[in-house]
Amino acid sequence: MIATVSQEILAPVQEEISKPFTLEDFVANPPQDMEWVNGELVEKTGMTVKHSIAQGNIVTAWNNYATAHEPGGKALPEAPCRTQKQGRRPDCAYLPAPLFAQFNQSATVPRSYPLIAEVASPTDFAEEMFAKAIEYLESGCEEVWLVFPEAKLIMVRTIDQSWQIFSPGQTIATQKVLNGFEIAVDQVFA
């Protein structure tokens, strides 16, 4: 026997299924491995072992330094944040102690992290990475690192300085956040 269901029961279910996923939905409950970009959910893909090595080395180094010099600050991998326009998951993000205490129970940080590193994967386009860096800076970020594992380059931009490029054999230092932190470019890619 086949039972029929009245329209009164189906209408709310159909409405929920067809309801678009909004930025507010992302902020409240960010889906794993997804960003909210230009009005739709986009899966983060293309990560490689080289990508993961650089990401892990940066997060570990930032956390080790913070433990010794800025207790209470935390570096986080792929933790969601809201920019002025999008819902993002930076590869590496740092929250100083006061902001960590304020937002550590949040599903999504309601602004850009003060210090962010984005690690390029083979499927990333340079223009999109630079646009994302500017988006972060326009949304409260103070310093962005763009990390290129294949080329072994790191580009840094702050809210008040133009791009600086660091290559193997050089040491990179934070400019605005996590003051005093330094790491050899070679260590990022080791």
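The values are calculated or read from the model by the stated rules, or taken from the named source; none is laboratory data. The model shown is predicted, which means the values in this text are computed figures rather than measured ones. Note: ideal-geometry Cβ built from the backbone for every residue, glycine included; neighbour counts use all protein chains shown.
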### Task
Among what's in segment 5-44 and is modelled with pLDDT of 85 or more and loosely packed, with under 10 Cβ neighbours inside 10 Å, pick the residue that is farthest from Ala79 (Cα to Cα).
Asn38
### Query
Only one residue in Glu138, Glu128 is surrounded by fewer than 18 Cβ atoms within 10 Å (Cβ to Cβ), of a type in the set (D, E, K, R) and modelled with pLDDT under 95, so which one is that?
Glu128
### Task
Give the residues of segment 122-136 that are of a type in the set (Asp, Glu) and within 16 Å of Arg157 (Cα to Cα), sorted by residue number.
Glu127, Glu128, Glu135
### Task
Would you confirm whether any residue within segment 80-90 is assigned to a loop (DSSP other than H, G, I, E, B), of a type in the set (Gly, Ala, Ser) and either at negative phi or touching a residue at least 60 places away in the same chain (Cβ under 8 Å) (or both)?
no
### Query
Just checking, how many residues over segment 115-153 are of a type in the set (D, E, K, R) and closer than 19 Å to Ser52 by Cα?
4
### Message
Restricting to segment 25-70, count the residues that are within 24 Å of Lys176 (Cα to Cα), small (Gly, Ala, Ser) and free of Cβ contacts under 8 Å to residues at least 24 places away in the same chain.
### Response
2
## Note on the structure
Among residues of segment 162-190 being β-branched (Val, Ile, Thr) and surrounded by fewer than 15 Cβ atoms within 10 Å (Cβ to Cβ), the residue farthest from Ala75 (Cα to Cα) is Ile165
### Query
Which condition number does Trp163 fail, the rest of (1) of a type in the set (A, V, I, L, M, F, W, C); (2) closer than 23 Å to Thr22 by Cα; (3) not in a helix (DSSP H, G or I) being met?
(2)
### Test result for Ile2, modelled with pLDDT under 90, of a type in the set (A, V, I, L, M, F, W, C), loosely packed, with under 10 Cβ neighbours inside 10 Å and closer than 30 Å to Cys81 by Cβ
no
## Note on the structure
Of (1) assigned to a helix (DSSP H, G or I); (2) surrounded by 20 or more Cβ atoms within 10 Å (Cβ to Cβ), Gln102 satisfies every one except (2)
### Query
List, please: which pairs have Cβ atoms under 8 Å, are six or more places apart or on different chains, and start with a residue in segment 175-190 that is closer than 13 Å to Ile53 by Cα and end with one that is surrounded by fewer than 19 Cβ atoms within 10 Å (Cβ to Cβ) and at pLDDT below 95?
Phe189/Lys50
### Message
Out of everything in segment 100-121 that is out of contact with any strand residue (DSSP E or B) (no Cβ under 8 Å at 6 or more places or on another chain) and in contact (Cβ under 8 Å) with a residue 12 or more places away in the chain, what residue ends up being farthest from Thr158 (Cα to Cα)?
### Response
Ala107
